[in-house]
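Contents: one structure, followed by commentary.
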Protein chains: 2
Amino acid sequence: MPPVTLYEGNTPLIPAPRLAAEIAPGAELHLKYEGLNPSGSFKDRGMTTAITQAVSEGARAVICASTGNTAASAAAYAARAGLKCAVLIPEGKVALGKLAGAIAYGADVIAIEGSFDDALRMVREIAETMPIALVNSVNPARLEGQKTAAWEITDHLGGVPDWLCLPVGNAGNITAYWIGFCQNGGPKMPRVLGAQAAGSAPIVMGHPIENPDTIATAIRIGNPARWKQAEEVLRASHGMILAVSDEEILEAQRLVATLEGVYCEPSSAAGLAGLRRAVREGTLDPNGLQIAAVLTGHGMKDPDTTIRWHRSEPPIASTTDALRQRLERK
Amino acid sequence: MPPVTLYEGNTPLIPAPRLAAEIAPGAELHLKYEGLNPSGSFKDRGMTTAITQAVSEGARAVICASTGNTAASAAAYAARAGLKCAVLIPEGKVALGKLAGAIAYGADVIAIEGSFDDALRMVREIAETMPIALVNSVNPARLEGQKTAAWEITDHLGGVPDWLCLPVGNAGNITAYWIGFCQNGGPKMPRVLGAQAAGSAPIVMGHPIENPDTIATAIRIGNPARWKQAEEVLRASHGMILAVSDEEILEAQRLVATLEGVYCEPSSAAGLAGLRRAVREGTLDPNGLQIAAVLTGHGMKDPDTTIRWHRSEPPIASTTDALRQRLERK
């Protein structure tokens with residue numbers, strides 16, 4: 001059967017010299033802009049494979065737990081395939097652009113009085129007893145799709161970067177990238193820098209977080225499904241994982257948007273915030289290194305957080321004089 | 001000098017058989033998904049050329065009037081180039097995802113007590129008297145960039161489609177596509193179906209609209225800058241232009257999202273709404289035709305409008321039983 005596809009992947013790898021000068025001087029920094037996938041995040045890479053598999057196995061309906069991006073992606077690919085789709089989200093904790101997507105694609109959006117971790121437990125149990133396919137990243141087909149981003153980075157650079165920086169939530173993506181780089185077959189592997197939000201950093205802390213809290217809703221996960229694999233990647237790659245504050249995340253988001261014209265959602269900037277911290281603390285010397293940072297989702301996923309930064313000014317009259325005065329004042 | 005680029009363009013052309021069966025039976029329908037450009041709309045194609053030109057001419061600052069998409073795009077490319085950027089928008093009439101983008105990229109976002117048409121008049125006057133480059137689509141470099149979408153469609157299809165359907169606001173895009181198809185050099189040209197929103201349909205009505213009004217904010221323009229060129233395209237292509245209601249636009253947006261998994265902003269669906277109307281009224285027989293519809297911007301540009309569709313249900317308890325009951329009810 002033909003794959004269920006929306007022409008995901010093949011996202012740009014954008015050189016970021018101005019950002020590098022600011023946060024990693026001397027490095028050659030590239031941004032893998034996964035926000036340009038069809039539903040606006042890297043989740044689409046794994047959803048084409050998961051939904052294709054579900055269809056091939058005769059599924060009529062799919063379900064997932066989500067902090068938002070998986071919901072929008074599952075809803076999109078289920079719509080494309082003509083499947084029913086239900087998505088579980090933690091009430092009040094999903095960014096607006098993600099919620100809108102899931103709704104637009106026609107999914108049954110089910111808010112729960114609980115966390116992502118609760119939602120994941122619920123859908124795992126349901127999938128065992130009802131005829132409905134689970135498309136969370138506990139589904140191995142998801143990782144098989146997601147790993148393709150590692151291949152694209154290798155192709156674009158003509159080799160493997162020295163470091164890969166990315167946010168870590170449920171830890172599916174760090175696992176998938178590692179699989180991809182391993183399957184490159186070459187001797188060189190990147191070192192991996194993972195970043196968690198300080199209020200939601202179970203791997204950094206070494207224990208599950210009961211009530212994870214961060215503005216970076218996409219990585220607001222207290223008990224990652226791929227925890228063990230993430231630790232293996234960090235060990236095998238001689239990598240590091242660190243916790244960055246919401247302030248550091250928002251500052252990294254601001255820097256990449258204003259210096260490079262690349263707008264990502266807050267959680268996507270966590271990898272850059274982690275890189276910046278490691279350079280500042282001297283645990284990573286960027287000089288001469290080739291670094292790829294994964295921006296997992298588009299900034300439009302979470303417009304509210306951006307608007308909240310902004311001190312808006314009152315409107316001006318619609319005259320050229322009023323405009324001239326405003327421009328001369330700046 | 002190197003171009004100022006964010007790797008815009010090369011957007012997918014997505015086959016839409018389920019949507020075709022619904023709105024244009026017998027046609028081979030393709031969606032040019034321009035929402036996957038870096039700032040989320042087709043405007044990026046022309047902004048790379050306009051900002052590159054501005055930099056090459058020594059500009060230090062750029063300005064534009066916008067219903068939102070141009071603002072986000074200009075802000076992104078100005079940031080990328082290290083230029084100052086001011087964007088004029090009609091107060092309260094810009095979709096959230098666009099406003100957030102312009103803010104995030106660091107532009108000076110200036111709301112005016114007036115319409116897009118007022119804003120365009122103001123920036124044209126300012127650009128004549130202050131050292132600030134105008135990057136609206138009255139700038140011919142914009143059209144030179146935007147025309148590339150026509151070439152991509154031709155490349156992907158291995159030929160020119162029978163019809164091209166697209167929304168018409170300021171009429172820069174319909175003009176740019178036509179330039180692109182003309183420069184293909186082949187004998188075949190597409191027929192062009194343009195769609196305006198009923199409350200903002202100056203070309204259909206034959207006179208400027210003083211107070212344009214529509215939910216499709218991106219085409220809420222009462223006096224298009226490229227009006228004359230649009231009429232020439234319609235005449236030369238044996239095309240048609242029609243006005244579609246906000247209800248028809250929202251229904252087309254819903255159909256393309258739920259049947260194909262492609263989420264576009266309301267105005268982007270106007271071309272599909274126009275196609276649907278023309279087929280229903282019998283002015284366009286779709287049978288056997290190859291049709292390309294341009295979806296100008298991503299649905300995440302305007303999440304509020306999507307949320308407003310949705311009758312949300314109260315959250316459920318975080319138990320598997322509560323989830324089973326909810327699923328069995330549907």
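For region B:284-306, give me each residue that is of a type in the set (Asp, Glu) and within 14 Å of chain A (Cβ to nearest Cβ).
Across region B:284-306, the qualifying residues are B:Asp302, B:Asp304.
Which of the residues spanning region B:125-142 are without any contact (Cβ under 8 Å) to a residue 40 or more places away in the chain and within 11 Å of chain A (Cβ to nearest Cβ)?
Residues satisfying the conditions are B:Glu125, B:Glu128, B:Thr129, B:Met130.
Only one of A:Val123, A:Val138 is surrounded by 18 or more Cβ atoms within 10 Å (Cβ to Cβ) and assigned to a loop (DSSP other than H, G, I, E, B). Can you tell me which?
A:Val138
Just a yes or no: is a residue in region A:183-198 in contact with a Cys (Cβ under 6 Å, 6 or more places away or on another chain) and in contact (Cβ under 8 Å) with a residue 24 or more places away in the chain?
Scanning region A:183-198 turns up at least one residue that is in contact with a Cys (Cβ under 6 Å, 6 or more places away or on another chain) and in contact (Cβ under 8 Å) with a residue 24 or more places away in the chain.
Please verify whether region B:215-236 includes one or more residues that are in contact with a Gly (Cβ under 9 Å, 6 or more places away or on another chain), within 12 Å of another protein chain (Cβ to nearest Cβ), among the small types (Gly, Ala, Ser) and crowded, with 17+ Cβ neighbours inside 10 Å.
No, region B:215-236 contains no residue that is in contact with a Gly (Cβ under 9 Å, 6 or more places away or on another chain), within 12 Å of another protein chain (Cβ to nearest Cβ), among the small types (Gly, Ala, Ser) and crowded, with 17+ Cβ neighbours inside 10 Å.
Does B:Leu255 satisfy the criteria of being more than 14 Å from B:Ala195 (Cα to Cα), part of a helix (DSSP H, G or I) and assigned by TED's automatic domain parsing to the domain that holds B:Pro25?
Answer is yes for this residue.
Mind counting the residues in region A:224-240 that are within 17 Å of the chain's Cα centre (by Cα) and either aromatic (Phe, Trp, Tyr) or more than 12 Å from A:Gly172 (Cα to Cα) (or both)?
Number of matching residues: 1.
Go through (1) more than 10 Å from every other protein chain (Cβ to nearest Cβ); (2) touching a residue at least 24 places away in the same chain (Cβ under 8 Å) and name the single condition A:Glu281 misses.
The number of the failed condition is (2).
Kindly indicate the residue of region A:307-330 that is of a type in the set (D, E, K, R) and facing another protein chain (nearest Cβ under 7 Å) and also nearest to B:Asp304 (Cα to Cα) among those meeting that condition.
My answer is A:Arg326.
Output yes when any residue across region A:36-47 is within 30 Å of A:Glu281 (Cβ to Cβ), more than 10 Å from chain B (Cβ to nearest Cβ) and modelled with pLDDT of 95 or more, and no when none is.
Yes, region A:36-47 has at least one match.
Could you tell me whether any residue of region A:240-247 is in contact with a helix residue (DSSP H, G or I) (Cβ under 9 Å, 6 or more places away or on another chain), in a helix (DSSP H, G or I) and hydroxyl-bearing (Ser, Thr, Tyr)?
no
Could you list all residues from region A:87-110 that are more than 22 Å from A:Pro266 (Cα to Cα) and at the interface with chain B (Cβ under 8 Å from one of its Cβ atoms)?
Of everything in region A:87-110, those that are more than 22 Å from A:Pro266 (Cα to Cα) and at the interface with chain B (Cβ under 8 Å from one of its Cβ atoms) turn out to be A:Ala104, A:Tyr105, A:Gly106, A:Asp108, A:Val109, A:Ile110.
Among residues belonging to region B:1-30 that are touching a Ser or Thr at 6+ places or on another chain (Cβ under 8 Å) and surrounded by fewer than 18 Cβ atoms within 10 Å (Cβ to Cβ), point out the one that is nearest to A:Gly299 (Cα to Cα).
B:Pro3
The values are calculated or read from the model by the stated rules, or taken from the named source; none is laboratory data. These figures come from a predicted structure and were not determined experimentally. So basically every Cβ, Gly included, is an ideal-geometry build from the backbone, and we count neighbours across all protein chains shown.
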